[in-house]
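Peer 1: Below is the structure I would like to discuss, written out as C-alpha cells.
The values are calculated or read from the model by the stated rules, or taken from the named source; none is laboratory data. In this text, all values refer to a predicted model and were calculated from it rather than measured experimentally. Backbone-built Cβ (ideal geometry, glycine too); neighbour counts: all protein chains shown.
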Amino acid sequence: MSLILASQSPRRKQLLEWAELQFTVIVKSTDESYPSSLAIADVPVHIAREKAATVKAYIQENFSDHIGEPILAADTVVVLGDRIIGKPTDRNDAINILQSLSGQRHAVITGVVLLTDTKEIAFADITYVTFHPLTNDQIVFYVDKYKPYDKAGAYAIQEWIGVVGIKSIEGDFYNVMGLPVSRVVKALEGIG
C-alpha cells in the first residue's frame, strides 16, 4: 500500500522509512489555529484533520494518480500543566521554554489522521517525558548548537538534549519524535 504523507517533518518521513512504508510527501500550507473550546488532547487531532483535508482537496484538483491513496497527517504538541507549548519564536523563547521544562514532567501529544475517500481514522497518542534539572549552560549550548526553532517544546528527543537531559519516558518514544508509528501501521492494516 502506498500513502500520502501530509507533513514536511523530516522526522515523520524518517519514521515511515524505518517502517518500510511506501509514501509520497505532499504538503499544503494549513491554518493551525483551533477553537479555544477544544480539550487539549483534541487540539493536535483537529490540526492534523485540517492538514489531511487540505491535502486531499489539493490532490483531487492536481494529482489524479494519487486519488484513493490514504492520506496521513499528524501534529504534535507539548503540554506542561494545562498549557500548550508550541514552537519557539526565537532563541530567547527556546531558552525560556526549556527552562520551564527543566526538572518537570510534561506530555507530548501527537494527533494522527488517516483519511481515505470513505473513511477517517483519528486518534491522539500521549507520551510523558520528564527532564532532569537542566543547567542554563546546557540549555544555551543546546539551543545555540541545534537551533530547535521548528520543534514543539523547543527540543528533539533524538538530539543531544534528549540523550543527556531526559530522566524518564512513559509511552511511545517515537511519538515524541512526531509519530506513533506502530499505531499508524496498525491503523493502516485496518484500512487495507
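Peer 1: Does the stretch 80-120 hold any residues that are surrounded by 20 or more Cβ atoms within 10 Å (Cβ to Cβ) and more than 14 Å from Phe131 (Cβ to Cβ), and which are they?
Peer 2: Answer for the stretch 80-120, where residues must be surrounded by 20 or more Cβ atoms within 10 Å (Cβ to Cβ) and more than 14 Å from Phe131 (Cβ to Cβ): Pro88, Ala94, Ile109, Thr110, Gly111, Val112, Val113, Leu114, Leu115.
Peer 1: Let me ask you something else. So Gly68 clears everything in (1) assigned to a loop (DSSP other than H, G, I, E, B); (2) in contact with a helix residue (DSSP H, G or I) (Cβ under 9 Å, 6 or more places away or on another chain) except one condition, right? Which one?
Peer 2: Of everything listed in (1) assigned to a loop (DSSP other than H, G, I, E, B); (2) in contact with a helix residue (DSSP H, G or I) (Cβ under 9 Å, 6 or more places away or on another chain), Gly68 misses just condition (2).
Peer 1: Would you pick out the residues in the stretch 164-192 that are under 19 Å from Leu101 (Cα atoms) and aliphatic (A, V, I, L, M)?
Peer 2: Val164, Ile166, Ile169, Val176, Met177, listed by residue number.
Peer 1: Next question. Being aliphatic (A, V, I, L, M), in contact (Cβ under 8 Å) with a residue 24 or more places away in the chain and assigned to a strand (DSSP E or B) narrows it down to one residue among Val164, Val184, Val129; which is it?
Peer 2: Of the residues listed, the single one that is aliphatic (A, V, I, L, M), in contact (Cβ under 8 Å) with a residue 24 or more places away in the chain and assigned to a strand (DSSP E or B) is Val129.
Peer 1: Out of Val181, Val140, report the one residue that is of a type outside the set (Ser, Thr, Tyr), over 21 Å from Glu32 (Cβ atoms) and in contact with a Leu (Cβ under 7 Å, 6 or more places away or on another chain).
Peer 2: Numbers: Val140 fails: in contact with a Leu (Cβ under 7 Å, 6 or more places away or on another chain).
Going through Val181, Val140 in turn, just one is of a type outside the set (Ser, Thr, Tyr), over 21 Å from Glu32 (Cβ atoms) and in contact with a Leu (Cβ under 7 Å, 6 or more places away or on another chain): Val181.
Peer 1: Can you work out which of the residues in the stretch 52-71 that are within 24 Å of the chain's Cα centre (by Cα) and more than 17 Å from Ile191 (Cα to Cα) is surrounded by the most Cβ atoms within 10 Å (Cβ to Cβ)?
Peer 2: The qualifying residue surrounded by the most Cβ atoms within 10 Å (Cβ to Cβ) is Val55.
Peer 1: Here's another thing I want to ask about it. With (1) within 17 Å of Arg91 (Cα to Cα); (2) touching a strand residue (DSSP E or B) at 6+ places or on another chain (Cβ under 9 Å); (3) of a type in the set (A, V, I, L, M, F, W, C); (4) at pLDDT 95 or above as the list, and Ile169 as the residue in question, which single condition is left unmet?
Peer 2: The number of the failed condition is (1).
Peer 1: If you check Lys51, Lys56, Lys28, which single one turns out to be part of a loop (DSSP other than H, G, I, E, B) and touching a residue at least 24 places away in the same chain (Cβ under 8 Å)? Can you show your working first?
Peer 2: Working: Lys51 fails: part of a loop (DSSP other than H, G, I, E, B); Lys56 fails: part of a loop (DSSP other than H, G, I, E, B).
The unique qualifying residue is Lys28.
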